[in-house]
Each structure stands twice: as structure tokens, then as C-alpha cells.
Amino acid sequence: MVVVVQQNASEKEIEGIIRILHDFGFDVHRSTGVNQTVLGAIGVKPDFDTRQVEVLPGVAHAYRITEPYKLASRSFKQEKTVITFKNCEIGGDAVVVMAGPCSIENEQQIFSIAETVAKAGAKFLRGGAFKPRTSPYAFQGLGEEGLKMMRRAADEFGLLVISEAMDGTQLELMEKYSDIIQIGARNMQNYNFLRELGKSSKPVMLKRGLSGTFEEWLMSAEYILSGGNKQVIMCERGIRTFETATRNTMDISAIPVIHAKSHLPIIADPSHGIGIRDKVIPMARAAVAAGADGIIVEVHNDPDHAKSDGAQSLFPNQFEEMMRQLRMIAEAIGRKIA
Ligand code: PEP
Ligand code: MN
């Protein structure tokens, strides 16, 4: 931590700050300039609250210089995490595409969409059986029945399954039917649940919370990693800002920033990121150009009658067009679509 002392601080105040830093267990290195004194406080204290120093008399600012997360950080593990599946890798050279409806609705719907996305080159079938809806009166998902249908549809067309669990009671079903467990934006800081995911044998895709900072999001990943599950994938899905013209603000900057801060792969979700069908493809292109390890996108055979998120779901022909464009973007940056 770097402690910047106020310009008018007295020598007595400075000595007081140094004494308290020692009491906290830091080694202190003092640099005294003409107008400014700066204290370097050295010591590994991931959970130290810098405000405890900031409130001391004579302190102008206190800055943390190390990250509060460890297992998720690049400094802990330099090489990228690569998660291996039977038909692809996530975090390797190729960009993986996951596609499917927001919710699994019925057999005909999920089989039709699975066929479309598999033929166009997706590797994962997405679809929710447990839906986090703003309204308790809205469609909540088909539960286990939906998972069974999706598993069969995915197997039929050579796809893997990604689906959301909303709490620990659903993990047993996820272990049974899903290849990746999706954790929704609203659960990013459900710490008890994140701890349980640390014990899961399945990879976890952790969506960014609506107002999650990069640090908070990586701290959430740290919960899963520290519980023993090393297969964590980050997913940028848009954040809440002052803008109202789009559903969320798709934060493309998350992709290079997370890659710099962490070894974990990052997937982009342009469907929830922008929330408007005709703007999903440009955001998917931008995400691949920015270095995303994958794209997760909503596709529906009949979006106008979808039970959830129809307005942001691509038509089958739009998904095919998106894949065509993403292949070109991937090639332009020396990657390919898995
Ligand atoms: C979803 O993927 O359909 C979903 C509900 O996502 P999020 O948690 O990002 O809102
Ligand atoms: Mn959705």
C-alpha cells in the first residue's frame, strides 16, 4: 500500500501514521520530498481495508498496489486457463460459440434451434430451465423436464449443454444434465452459492453482475477457485449505466482488462449486453475483435412468440450470418471459430 501524507502534516502526525502501520503489521519505507512525504507499507494483507489508514490524521490518500484476489490473478498463474471438452476447448486459440433460446419451452422448439445452431457451427446449446425473472408472474422455466429435453437435443446434434443454476438445490440436476453451469448476473455476489460451486466437478461460467466492478467480479471467481473448482469462465453480459436506449451497456473493455488481470477465459454475451436483436451481431463482432474466448448468444426459431427475451433473440438466418462474419473477424486477429 502507498500512503500519501497531507502536505501540511506535522512530523508528529507522520510518526503516528508510521506507528499505526507497524501495529497493522506492515514494514514501512519513508520517502520525504520537498513538499510531500510518501510511505510505502509492505506486507501481504489481501483483506486489508485501506480506509483504516485513510481516516488517520495527516493522511491524504492510501492506495492498494496488489490485487485482493490471488488464485484468479495473472500474477499467480501466468499461462491462460484452458478448459477442455469433448468437442472443443475454451480459453485456447479458437473462439467457441454457444447459442440457443433464452428459455427451453418445449421439445419442438429446442430440437429445431439445436439443429440450426449445430449446423451453423455452434459447439454449445444454451437454454434456461431455471429462469431468474424480474416478475414472479413471468415464465420461470420448465425445470428438470426442460433440462432433459435440452440434453437430448444437444446429444442428437453433437452439441454440449450450458444452463443456469439459481441456487445450490439445483446443482445435482446440473451435474447430471449440463456440461457448464451458468451463474446469472443476479447471483454474482451470492457468496454461499459461489462456495458450493467450488465443490462442483463442472466448469462454471460466472456472469458479471449488473453493477459488478472487475475487482468484485474477480473476487467472486476467487470464491469458486478457492473452493477447489479451477474451471471458471468469466462472462461479460452488459452492465447497468445511465443509458436507457439499450437494455444494458455492453462493456467490451472487460475483455482485454480481464485478460490482463486474470488467466481465466472470458466469453461475451451480446444478447443480454445490448438487448436489441438488430444490434447483437455488431456487438458479437466487436467482442471477437477484442479477444473474447467465446460468444454466447440467444437464438430462437420463432422469436416473436418466445416465452422470454424474444426481442434480443436472433432468427436462425441471422445466426448463420453472424457465424459467417465472426469467422472473418477471428481470422483477421489470427484466431478461428472452434
Ligand atoms: C440468461 O442468460 O438468459 C440470463 C438470464 O442472463 P443474465 O443472468 O446475464 O441476465
Ligand atoms: Mn435471456
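In this entry, I276 passes the filter for residues that are open to solvent by 10 Å² or more (accessible area, probe 1.4 Å) and either within 15 Å of ligand 2 (Cβ to nearest atom) or farther than 23 Å from E331 by Cα (or both). Across the stretch 42-75, the number of residues qualifying as out of contact with any Leu (no Cβ under 6 Å at 6 or more places or on another chain), more than 17 Å from I14 (Cβ to Cβ) and assigned to a loop (DSSP other than H, G, I, E, B) comes to 16. Residues in the stretch 23-34: is at least one open to solvent by 60 Å² or more (accessible area, probe 1.4 Å) and assigned to a loop (DSSP other than H, G, I, E, B)? Looking for residues that are open to solvent by 60 Å² or more (accessible area, probe 1.4 Å) and assigned to a loop (DSSP other than H, G, I, E, B), one finds at least one in the stretch 23-34, hence yes.
Restricting the first member to the stretch 96-114 and to residues that are under 14 Å from K148 (Cα atoms) and of a type outside the set (D, E), and the second to residues that are open to solvent by 10 Å² or more (accessible area, probe 1.4 Å) and within 12 Å of ligand 1 (Cβ to nearest atom), the beta-carbon pairs closer than 6 Å and six or more apart or on different chains are S103/K131; S103/G141; S103/K307.
Determine, yes or no, whether V55 is open to solvent by less than 80 Å² (accessible area, probe 1.4 Å) and at pLDDT 95 or above. Criteria not met by V55.
Sub-7 Å Cβ pairs linking a first residue in the stretch 167-196 that is in the same structural domain as K131 (by TED's automatic domain parsing) to a second residue that is among the hydroxyl-bearing types (S, T, Y) and in a helix (DSSP H, G or I), at least 6 apart or interchain, are M188/S220; Q189/S220; Y191/Y223; L194/S220; L194/Y223; R195/Y223, ordered by first then second residue.
Condition check for K230 on (1) within 16 Å of ligand 2 (Cβ to nearest atom); (2) open to solvent by 10 Å² or more (accessible area, probe 1.4 Å); (3) among the charged types (D, E, K, R): one failure, at (1).
Yes/no matrix, rows are residues, columns are (1) open to solvent by 10 Å² or more (accessible area, probe 1.4 Å); (2) over 19 Å from H263 (Cα atoms):
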| position | (1), (2) |
| --- | --- |
| R195 | yes, yes |
| E216 | yes, no |
| S220 | no, no |
| S226 | yes, no |
| C235 | no, no |
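Of all the numbered requirements in (1) under 24 Å from the mean Cα position of the chain (by Cα); (2) part of a strand (DSSP E or B), K86 misses one, and that requirement is (2).
Go over the candidates E79, E105, E115, E145 one by one and state the one that is open to solvent by 40 Å² or more (accessible area, probe 1.4 Å) and part of a loop (DSSP other than H, G, I, E, B). After ruling out the rest, the residue left standing is E79.
The values are calculated or read from the model by the stated rules, or taken from the named source; none is laboratory data. Keep in mind that this is a model prediction, so the values were computed, not measured. With ideal geometry, Cβ positions are generated from the backbone for all residues, glycine too; neighbour counts draw on all protein chains shown. Just so you know, the surface numbers come from the protein's heavy atoms only, side chains and all, with ligands and any DNA or RNA stripped out. Shrake-Rupley method; radii C 1.70, N 1.55, O 1.52, S 1.80 Å.
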